[in-house]
Amino acid sequence: GTSIVSGLRIWDNVKNVNFAKANFLLDLDRVAGELYRSLDIPVIGFEGKSLELSFPVVSGDSLVKAAYLFDREKKVLVRRQTSFKELLSDTIDKAYTEKEVMAPDELAFSYYEFNKDKNTGEWTAEWPKTKGIFNAVKITGKFKNEEFTKTVFIPISPPR
């Protein structure tokens with residue numbers, strides 16, 4: 001009798017788990033983790049717009065430019081990776097690998113810059129490469145009609 005009751009409790013817990021949401025949150029954490037491990041390589045630099053961002057990071061045993069691009073029509077976030085060697089090559093069209101990361105309904109990036117002279121900061125929708133490393137990235141959007149926000153502070157960002 002105890003085994004049956006325990007089994008029913010376990011089944012009740014498992015059937016209420018939203019696996020799609022759990023997988024989405026894991027994918028979001030992977031993006032955040034990669035941002036957190038970004039490197040200061042000015043040749044690659046940090047760039048961002050509301051639907052895309054790119055930054056240098058080590059992937060496997062290689063230095064790469066990782067770019068995340070959200071396609072509003074397809075509702076998919078794509079990760080594009082270009083090797084450092086390819087970035088330094090003279091070819092106009094750089095070779096890259098691409099894979100779908102997640103499929104949110106909506107997604108946007110914003111970038112935080114703290115001004116230590118004014119002791120204030122602000123979020124902006126665009127980040128040109130000339131500004132250097134962003135202090136933080138905020139990822140906002142919707143998944144299955146549920147809003148989400150993930151803020152990732154960049155440890156290597158200098159105070160401005």
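Laboratory data are not the source of any read-out in this text; all were calculated from the coordinates shown. Note that the structure is a prediction, hence the values are computed from the model and not measured. Cβ coordinates were reconstructed from backbone atoms using ideal geometry, including for glycine residues, and neighbour counts include every protein chain displayed.
Using only Cα atoms, locate the centre of segment 73-140 and the centre of segment 34-50, then give the distance between them in Å, rounded to an integer. Value for the Cα centre distance between the two parts: 7 Å.
Based on DSSP H segments of at least four residues, each scored -39500 (n - 2.57), the chain has a per-residue ellipticity at 222 nm of -7000 deg cm²/dmol.
Using R₀ = 45 Å, calculate the FRET efficiency as 1/(1 + (r/R₀)^6) where r is the Cβ-Cβ separation of T91 and E122; round to 0.05.
0.75
Against the empirical curve 2.2 N^0.38 Å, the C-alpha radius of gyration of the chain lands at a ratio of 1.28. Each Lys and Arg adds +1 at its Cβ and each Asp and Glu adds -1 at its Cβ; summed about the Cα centre, the chain shows a dipole of about 280 debye. Measuring against 24 Å, Cα to Cα, the residue pairs K21/K138; K74/K131; K99/K142; K21/K49; K65/K129; K85/K129 contain K74/K131; K21/K49 as the ones spanning a longer distance. The long axis of helix 19-36 is offset from the longest Cα principal axis of the chain by roughly 30 degrees. Structure remark: mean-square fluctuation, Gaussian network model of the chain, C-alpha springs under 10 Å; the largest value among T97, T124, T82 belongs to T97.
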